[in-house]
Amino acid sequence: MSRRVLIVDDEPNIRGALGQLLEYEGYDVRAVASGLAGIAAYEEFRPHLTFLDVKMEGIDGLETLKRLRALD
């Protein structure tokens with residue numbers, strides 16, 4: 001079974017470094033740059049774990065978490 005991780009962060013260096021580390025450890029990783037993109041990716045990817053940046057443009061990480069919890 002593939003272990004899926006979603007990274008939602010508006011900083012490309014954070015997404016890249018964390019994603020690379022997790023992929024090296026054998027995780028299936030998807031990384032996106034905004035809360036809205038994270039919600040869309042979550043619905044399609046159904047990750048086991050989601051990393052959310054708290055401070056992002058548009059909807060922040062806490063609002064994104066609220067919306068994700070409503071989905072699942």
Is the range 39-51 home to any residue that is at positive phi and either more than 12 Å from the chain's Cα centre (by Cα) or without any contact (Cβ under 8 Å) to a residue 24 or more places away in the chain (or both)? no
Residue tally, condition of a type outside the set (D, E, K, R), open to solvent by 30 Å² or more (accessible area, probe 1.4 Å) and either at pLDDT below 95 or closer than 14 Å to MET56 by Cβ (or both), over the range 1-13: 3
Quick one: is GLY16 of a type in the set (Gly, Ala, Ser) and modelled with pLDDT under 95? no
Counting only residues that are at negative phi, open to solvent by 40 Å² or more (accessible area, probe 1.4 Å) and not aromatic (Phe, Trp, Tyr), how many does the range 17-33 have? 10
Every residue in the range 34-69 that is among the aromatic types (Phe, Trp, Tyr) and open to solvent by less than 50 Å² (accessible area, probe 1.4 Å), please. TYR42, PHE45
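The values are calculated or read from the model by the stated rules, or taken from the named source; none is laboratory data. Keep in mind the model is a prediction, meaning the values are calculated, not measured. For neighbour counting, all protein chains shown are included, and Cβ atoms are generated from backbone atoms with ideal geometry for every residue, glycine included. Ligands, DNA and RNA are excluded from the accessible area calculation, which covers all protein heavy atoms including side chains. Shrake-Rupley method; radii C 1.70, N 1.55, O 1.52, S 1.80 Å.
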